[in-house]
């Protein structure tokens, strides 16, 4: 069996990419980062656990992608530019095939976003993947949760609900044909972090508040409302459903766009004066953007249909300790 | 049962300490750090798993201390000043008593070192604690593993082997009286990160190479030798044994000082011209320092006794995948 150090060396040590921001990478007590002078450092951490965030036996290549993607999505939601990440891994055994696939998926996405692995830890234990990601952002430009204002538009990037639909398929809660299974599965297993859009929104100060939708739109939007001390009205029929979810009935579309989970799309608020610039940013980043509601002074979240008629839907966000 | 968000709020959100380095803490997609201009950022991550790094049912207060201590020890080994950390936690259930104890031990140590919790993640899963710690250091001052030179002294902070002796006691490999049990147990459960000494060694450029001893001296020193392409001779009888281990016989003393594990002391190399300054740094940081050997050009690690007679001891470092 490979030793721990051999494992790390073989799969996670690469030739230095030589990024100016990274002074010292994997293999010492600490990595050393030199952020661009004057920039702030954005930091986020996510832990993924088998049977909770992914199925036992999940394709390691896709898993490598997803673990980093959900972290990059947090940087995107802040408007930060990815710099680097650390990886801590608990593995039940040292499985070379698994490590080869996982590291391949991980590094393919890391390279796409210029995000360098700078350190980590490997230990034996129940499968657990913990990534901490670092980005940088201009002071005062971060898209925080507490910055929404009365009168802001509410926007969504991409589409919602397909990841949740894929889960429904796996759980036999819904029957999916081959095309839907593939489309929805891709959204569940290999989400696209909206880094380019987030950067434009922050760099050009187009958006006020933002977050990434990981636990379902309603639950996550509620965090913005609470932090910003505002309310909102959402046009439920304006919510952009995923390609596969579009073929399902209205009830399922509403349920999975509002309270799906694993979407990794951005929900952001912006002044109405920014509408054209936000559409431009969507085109420039090849990311669809859709206006779905309005921030209001009155507390609470109101759901309406396309005709403005109030809907009495009871849906809750994903909560790891209440399922 | 508490929801995930309630848990995080209750135990891990505190009034902002208002450190200049932390712009935004727990509760957004990312935390924001503003390192002191001109300083480099040191980053390290450690994952602790039940039954591997600590016993099931371990005192949560001590566990909170230890999880952060082992990360601060990595900063100490680099010579960095602690700034902040993130915490990712997988818990089998939301146990308020456990969380209260864990967070108390964690924050007591964090406050001692001015290290602020800036973000995290909580999920249900087999108990797993992953901390990523951030420190800052002057460019060019980091104590790296690849900087040892022929002729350097080899130094050890504090004492070695008591944590391993405590483990031997728990495993019934050794019989410990009450005093030894307590002394050795304290070293195992609540190690002291050598942050103050590390800072002095780096700030004043007293040491060349350094690391923290977590997997046993021989295994860890070998990393310095490999990275620096040098060899060394260690005076085994000069190794400072822990208070409890001093009462054991020579064979056990040698074994546990050379290849114990969980020591979290610094092993560093320095030019002989720095001896007096290093003794001063030890006094200034209230940390014993002991000279235990010499870096040499000839590759390999040679063990000798107090009379310089070669010892043929076969001991290996702790390797998580080979036990």
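Just so it is clear, none of the values below were taken in a lab; they were calculated from the coordinates. As the structure is a computational prediction, the values presented were derived from the model and not from experiment. Cβ atoms come from the backbone with ideal geometry, glycine included; neighbour counts cover every protein chain shown.
Peptide B:114-127 is shielded by partner chain Cβ atoms: per residue, an average of 5 of them sit within 10 Å of its Cβ.
Remark: the residue B:52-residue B:146 segment gains 30.9 nm on full extension, using 0.36 nm per residue and subtracting the alpha carbon distance. Any idea how far the Cα center of segment B:66-86 sits from the one of segment B:251-295, in Å? When both Cα centres are located, 19 Å separates them.
Here the calculated FRET efficiency for residue B:203 and residue A:249, from their Cβ-Cβ distance with R0 = 51 Å, stands at 0.15, rounded to the nearest 0.05.
At 0.890 mPa s and 25 °C, plugging the Kirkwood radius over alpha-carbon pairs of segment B:88-208 into Stokes-Einstein gives what diffusion coefficient in µm²/s? The partial results should precede the final answer.
Details: Rh = 18.0 Å.
Approximately 136 µm²/s, per Stokes-Einstein.
Spin-label pair residue A:190-residue A:307: with each label point 7 Å from Cα along the Cα-Cβ axis, the two points sit 4.3 nm from one another. The helix-only estimate of mean residue ellipticity at 222 nm for chain A, built from DSSP H runs of length n ≥ 4 each weighted as -39500 (n - 2.57), is -10000 deg cm²/dmol after division by the residue total. Across all directions, the shadow cast by the convex hull of segment A:4-137 built on its C-alpha atoms averages 7.6 square nanometres. Between copies, the label points of residue B:307, set 7 Å from Cα on the Cα→Cβ line, lie 10.2 nm apart, reported in increasing order to one decimal in nanometres. Equivalent-ellipsoid semi-axes for segment A:153-304 (Cα gyration tensor, √(5λ), whole Å, largest first): 26, 18, 12. The calculated P(r) of the protein assembly as shown, using every Cα pair and 10 Å bins from 0, goes 3, 16, 26, 25, 15, 9, 5, 1, 0, 0 in percent.
Per-residue Cβ neighbour counts within 10 Å put B:78, A:39 in the sequence A:39, B:78, beginning with the fewest. For segment B:162-220, the percent of C-alpha pairs falling in each 10 Å distance bin, counted from 0 to the bin holding the largest distance, reads 20, 36, 28, 14, 2. Per-residue extension of 0.36 nm, minus the Cα-Cα distance of residue A:297 and residue A:172, leaves a gain of 40.8 nm for this segment.
Each of B:256, B:55 has some number of other Cβ atoms within 10 Å of its Cβ, and from fewest to most they run B:55, B:256. Both radii come from the Cα set of chain B: Rg as radius of gyration, Rh as Kirkwood radius; their ratio Rg/Rh reads 0.98. For A:13, A:45, the sequence from fewest to most other C-beta atoms within 10 Å is A:13, A:45.
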